[in-house]
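Below is one structure, written out as structure tokens, with a few remarks after it.
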There are 2 protein chains.
Amino acid sequence: MPGKEIPDIIVGRLPVYLRALRHMRENGQQTTSSQELGESVGISAAQIRKDLSQFGEFGKQGTGYHIPYLIDKLCEILKVDRVWDVAVVGAGDMGHALTRYQGFINRGFRITMVFDKKQELVGKKIGDLTIQSVDRMIEVIKTGKVSIAMLTVPATAAQKIADQLVEAGVKAILNYAPISLNVPEGVIVQYIDPSTHLQRMTYYL
Amino acid sequence: MPGKEIPDIIVGRLPVYLRALRHMRENGQQTTSSQELGESVGISAAQIRKDLSQFGEFGKQGTGYHIPYLIDKLCEILKVDRVWDVAVVGAGDMGHALTRYQGFINRGFRITMVFDKKQELVGKKIGDLTIQSVDRMIEVIKTGKVSIAMLTVPATAAQKIADQLVEAGVKAILNYAPISLNVPEGVIVQYIDPSTHLQRMTYYL
């Protein structure tokens with residue numbers, strides 16, 4: 001990470017700001033304030049100003065933020081001013097839903113390969129993509145220089161597949177399997193497990 | 001919330017501990033230490049001890065944690081010592097994947113109703129459930145006293161549906177639509193947006 005180290009909690013809020021700013025732009029809006037942005041994402045204006053100030057001076061006192069400029073800057077900071085190729089491993093219901101999801105491309109991501117270990121799925125199509133055998137995964141990912149993967153295999157298979165992804169050169173794994181993964185330093189894992197999110201809410205009910 | 005207020009960041013880690021403890025139990029393990037639990041979830045032993053100490057005394061110096069006991073206690077704290085009914089709104093790919101997902105029931109949740117606004121989907125089955133019209137959603141959720149919903153509708157429809165869910169008495173929304181929701185106090189929203197998670201990782205690549 002170049003320059004000073006930014007707390008990950010702040011990094012995690014930037015994609016949320018970016019998403020809200022894009023909605024504003026889609027609605028034809030050109031400028032916003034930290035107040036307005038804050039209300040739309042449920043975060044205080046002071047927090048937003050503080051978060052953004054970590055990366056530079058993006059707003060002007062009195063006139064607020066120029067939305068297209070701030071979007072460009074956030075895309076640059078988050079490195080989604082380009083499109084990243086993504087591999088999906090596991091062509092079950094969730095793998096299908098993700099592969100068919102239209103919302104990635106304008107957020108900086110494009111699924112370019114899907115793998116499964118079930119021989120009856122290999123060769124079948126999901127949209128334009130052909131499901132490939134997981135036996136060829138390491139080779140195909142290496143050749144394609146793909147550095148991001150989404151893991152939608154059962155929990156029992158997830159660690160083994162994660163090890164193979166790391167071997168293939170993957171540096172970021174979005175893990176849908178309901179299990180914590182052990183990965184070497186330099187590889188990042190984020191988790192999506194709806195039960196975990198639901199349990200975090202039932203605590204308050 | 002009864003008693004002292006626990007920071008939400010701590011509450012958010014408990015489901016992860018619970019998930020790891022259950023994996024240990026499934027593997028026949030009876031006791032664990034904060035060191036071992038920490039290694040399996042990627043959180044320091046000190047942090048785990050500190051988090052758990054907020055809720056009581058669960059471990060013994062020298063012998064560590066009795067896994068079945070700690071599981072019971074965490075289930076109680078997170079209120080998943082029962083099974084919660086959950087409504088899914090939006091029967092697209094993601095709604096289908098969630099409704100068919102087998103992983104909810106042993107984590108404290110059971111999807112009991114699915115809604116969509118598309119008339120051609122209403123009446124079709126997902127597993128044992130029949131897709132119902134979103135026009136009847138408020139009434140059906142009220143009658144069923146369902147307090148948790150998962151929202152998998154397009155971003156453009158999400159706020160309107162969220163308002164209706166709140167009107168129906170829903171207190172916790174897991175939102176898959178890529179947009180921030182405004183809800184009144186007393187209603188909790190958690191977000192699952194894979195692009196946001198991916199962007200949080202590309203920052204570091």
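Project the alpha carbons of the range B:84-197 onto their principal axes and report the range along each, largest first, in whole Å.
So the three principal-axis extents are 33, 31, 29 Å.
Helix B:67-77 versus the longest principal axis of chain B: what angle, 0 to 90°, nearest 10, using Cα atoms?
Tilt of helix B:67-77: around 50 degrees.
Only helical DSSP H runs with n ≥ 4 go in: add -39500 (n - 2.57) per run for chain B, normalise by residue count and round the 222 nm mean residue ellipticity to 500 deg cm²/dmol.
-12500 deg cm²/dmol
Quick check on the protein assembly as shown: what does the Kirkwood estimate of hydrodynamic radius come out to from the alpha carbon pairs, in Å?
Value: 22.6 Å, from the Cα pair sum.
Quote the charge dipole size of chain B about the Cα centre in Debye, to the nearest 20; the model charges only the Cβ of Lys and Arg (+1) and of Asp and Glu (-1).
Using Cβ point charges on Lys, Arg, Asp and Glu, chain B gives about 240 debye.
When N counts the residues of the range B:1-160, how does its alpha-carbon radius of gyration compare numerically with 2.2 N^0.38 Å, as a ratio?
1.28
With a point put 7 Å past each Cα toward its Cβ, work out how far B:Arg100 is from B:Thr143 in nm, to one decimal.
Modelled inter-label distance: 2.8 nm.
At a Förster distance of 51 Å, what's the computed FRET efficiency of B:Asp128 paired with B:Ser44, Cβ-Cβ distance as r, to 0.05?
That gives a FRET efficiency of 0.70.
What's the center-to-center distance, using Cα atoms, between the range A:19-57 and the range B:120-191 in Å?
Computed from Cα coordinates, the inter-centre distance equals 27 Å.
Non-local amide H neighbours of A:Ile188 (under 5 Å, H modeled in plane, Pro and chain starts lacking H): which ones?
When sequence neighbours closer than 5 places are left aside, the close amide H contacts are A:Ala172, A:Ile173.
How are the C-alpha pair distances of the range B:8-77 spread across 10 Å bins, as whole percents from the shortest bin up?
Reading upward from the zero bin: 21, 65, 14, 0.
Which entries of A:Lys117/B:Lys145; B:Lys50/B:Lys79; A:Lys117/A:Lys145; A:Lys142/B:Lys50 show an alpha-carbon separation above 31 angstrom in the structure shown?
As for pairs spanning more than 31 Å Cα to Cα, those are A:Lys117/B:Lys145; A:Lys142/B:Lys50.
Taking B:Asp163 in one copy and the same position in all the others, each labelled 7 Å out along Cα→Cβ, what are the pairwise distances from the first, in nm, shortest first?
5.3
What gaps in nm, shortest first, separate A:Ser53 from its twins in the other copies when you place the label 7 Å past Cα toward the beta carbon?
Sorted ascending, the copy-to-copy spacings read 3.4 nm.
Grab the Cα-Cα distance for B:Tyr69 and B:Asp81, subtract it from 0.36 nm times how many residues apart they are, and report the gain in nm with one decimal.
So the chain would gain 3.1 nm between B:Tyr69 and B:Asp81.
Which chain A residue sits with its beta carbon nearest the axis carrying A onto B, and how many Å away is it, rounded to a whole number?
Taking the axis that maps A onto B, the answer comes out as A:Ala97, 2.
Read the figures in this text as sums done on the coordinates, not as results from a lab. Only a predicted model underlies this, so the values are computations on that prediction, with no experimental measurement involved. We place every Cβ from the backbone using ideal geometry, glycine too, and count neighbours over all the protein chains shown.
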